[in-house]
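Written out below as C-alpha cells is the structure these notes cover.
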Amino acid sequence: MAKQLSGAGLRGQVAGKTALSTVGKSGSGLTYRGYDVKDLAQNCQFEEVAYLILKGKLPNQSELDAYKTKLRGMRGLPTALKEVLERIPKNAHPMDVLRTGCSMLGNLEMETSFDEQQDVTDRMLACFPSIICYWYRFSHDGVRVDVETDDDSIGGHFLHMLHGEKPRELHEQVMHVSLILYAEHEFNASTFTARVCASTLSDMHSCVTGAIGSLRGPLHGGANEAAMEMIQGFTSADDAEEKMMGMLERKEKIMGFGHAIYSESDPRNEIIKQWSEKLAADVGDDVLYPVSVRCEEVMWREKKLFCNADFFHASAYNFMGIPTPLFTPIFVMSRLTGWAAHVMEQRADNRIIRPSAEYTGEELRPVPAISERA
Ligand code: COA
C-alpha cells in the first residue's frame with residue numbers, strides 16, 4: 001500500500017535527486033552547483049551563471065566569450081513566429097504570449113533528438129527576450145522592433161528592445177543580478193512541472209511551455225507583478241502600514257512574502273533589496289522604496305513573514321521603467337536555465353514520474369440502471 005501523505009502540497013517530501021542547487025541548506029541559503037548565490041551575484045554576469053547551471057562549470061574567459069557570441073547570433077525570430085506574435089492582442093498577458101511563443105518555436109525548430117538539447121536551450125535563452133519585446137512593442141507602439149541587437153548581455157538586449165535605446169550600465173548590471181537570482185531554485189512548482197514533462201521523454205519546448213504555465217500563477221512567479229500592483233496603491237509608508245494592517249486583519253495573502261522552504265529569510269531578498277535602494281536613489285524616489293521597506297517591517301512585526309525574492313524585484317524593475325506585466329516574463333528569461341538543466345538531469349537518469357494518490361472517494365459500487373438514477 002502507498003505511504004500516507006504527510007502534508008499537503010508534497011511539502012517536505014524528497015521527490016528526486018539533483019546536483020544543480022540547494023535551498024535552505026548551506027551558504028546564504030541558496031547555492032548553484034556548490035557556489036553561493038550571493039557570491040555569484042557579486043562576481044558574475046548572468047551568462048556565466050547560465051553556463052554554470054547548464055554545463056556544470058563556470059566558464060573561463062574564452063568559453064564565456066564564445067558562449068555570448070553564440071547567444072548573440074541566436075536572437076532573431078522566424079517570420080512565422082513574428083506573424084503569430086503580431087496576431088496576439090495588446091491586452092493579452094505577456095506570460096501567455098511567452099507560452100505561445102515558446103510553443104510556436106517548438107513547431108518551427110523542433111527538438112528532434114536529445115543531442116540537440118543544449119542548442120535548443122541556448123536558442124530559447126537568446127530569443128525569449130526577443131519574443132516578449134517584439135510582441136510588446138508591436139502591440140503597444142505599433143513598432144516592429146529590431147530583435148537582432150549587438151548588446152553584450154541577455155538583460156541588455158531585453159532593455160534595449162523594450163526602451164528603444166542602449167541601456168545604462170547600472171540597469172544592465174541590475175539585470176545581471178536579477179537574472180542570476182532567479183536562475184534556479186531546486187524543485188519549485190514550475191521546475192517540477194518541467195521534470196514531470198521530461199520524465200515522459202517529451203521534447204524541451206513542451207517541458208518549458210508547461211513550466212511557463214506553472215510560473216504564471218501569483219503563488220509562484222506572478223508574485224512580483226502582484227506585489228507591484230499592491231505597493232503602487234500605497235501613497236506613503238504610513239499609508240502602506242495602515243492598509244497592510246487591514247489586509248492582515250482580513251486574512252488576505254500579501255504577495256511577495258513567505259516561502260515554502262525558507263523559514264526566516266530568503267537570501268535573494270537582501271541582494272535585490274540593496275539594488276532597489278540604489279535604483280531608488282538613482283531616480284530620486286521617495287515613495288516606492290520607503291513604502292516597500294515599511295511593508296517588510298510590518299510583515300515581520302505582525303506575522304514573522306519575510307520578503308521573498310519577488311518583493312523588492314517589483315520596485316527595482318519599476319525604477320528601470322519596466323512595465324509591470326513584463327515582470328514575470330523576465331523571471332522566465334532567467335529560470336529557463338534551471339528548467340532546462342533539470343530536464344537534462346531528468347533525461348540522464350529517467351524514470352517516469354508517477355506518484356500515487358490517497359483516495360478519498362466513494363466505496364466500490366455497481367452502476368445503477370439509468371431509470372434508477374436520481
Ligand atoms: N501573506 C499573508 N499570510 C501568509 C503569507 C502571505 N504572503 N504567506 C504565508 N502566510 C500565512 C498562511 O496564511 C499560513 O497561515 P495559517 O497557518 O494561519 O493558515 C501561514 O502563513 C503558513 O503559510 P503557508 O501558506 O502554509 O505556506 P506555504 O508553504 O503553503 O506557501 C507561499 C508558501 C510562498 C505559497 C506563501 O507564503 C504565499 O502564498 N506567499 C505569497 C505569494 C508569493 O509571494 N509567492 C512567491 C513565492 S517565491
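No value in this document is a laboratory result; all are computed from the given coordinates. Source: prediction; values computed, not measured. Cβ: placed from backbone, ideal geometry, glycine included. Neighbour counts: every protein chain shown.
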Quick check on GLU184: is it in contact with a Gly (Cβ under 6 Å, 6 or more places away or on another chain), more than 18 Å from HIS93 (Cβ to Cβ) and within 14 Å of the ligand (Cβ to nearest atom)? yes
Among the residues of the stretch 254-285, which ones are among the aromatic types (Phe, Trp, Tyr) and in contact (Cβ under 8 Å) with a residue 60 or more places away in the chain? TYR262, TRP275
Select from the stretch 219-252 the residues that are within 11 Å of the ligand (Cβ to nearest atom), touching a residue at least 12 places away in the same chain (Cβ under 8 Å) and of a type in the set (D, E, K, R) and list them in ascending order. GLU225
Do you know which residues across the stretch 8-21 are within 16 Å of the ligand (Cβ to nearest atom) and on the phi < 0 side of the Ramachandran plot? ALA8, ARG11, GLN13, ALA15, SER21
Please enumerate the residues belonging to the stretch 337-357 that are among the hydrophobic types (A, V, I, L, M, F, W, C), surrounded by fewer than 24 Cβ atoms within 10 Å (Cβ to Cβ) and either part of a helix (DSSP H, G or I) or within 11 Å of the chain's Cα centre (by Cα) (or both). MET344, ALA348
Return the pairs, sorted by first residue and then second, in which the second residue is more than 9 Å from the ligand (Cβ to nearest atom) and of a type in the set (Asp, Glu), the first residue lies in the stretch 294-311 and is within 22 Å of ASN188 (Cα to Cα) and part of a helix (DSSP H, G or I), the beta carbons are less than 9 Å apart, and the residues are 6+ apart or on different chains. ASP310/GLU225; PHE311/GLU296
Kindly establish whether LYS57 is among the charged types (D, E, K, R), without any contact (Cβ under 8 Å) to a residue 60 or more places away in the chain, closer than 30 Å to LEU201 by Cβ and assigned to a helix (DSSP H, G or I). no
Suppose we filter THR22, THR31 for residues that are in contact with a strand residue (DSSP E or B) (Cβ under 6 Å, 6 or more places away or on another chain), part of a strand (DSSP E or B) and free of Cβ contacts under 8 Å to residues at least 24 places away in the same chain; which single one remains? THR31
For the stretch 276-317, give me each residue that is near the ligand (Cβ under 10 Å from one of its atoms) and out of contact with any helix residue (DSSP H, G or I) (no Cβ under 9 Å at 6 or more places or on another chain). LYS304
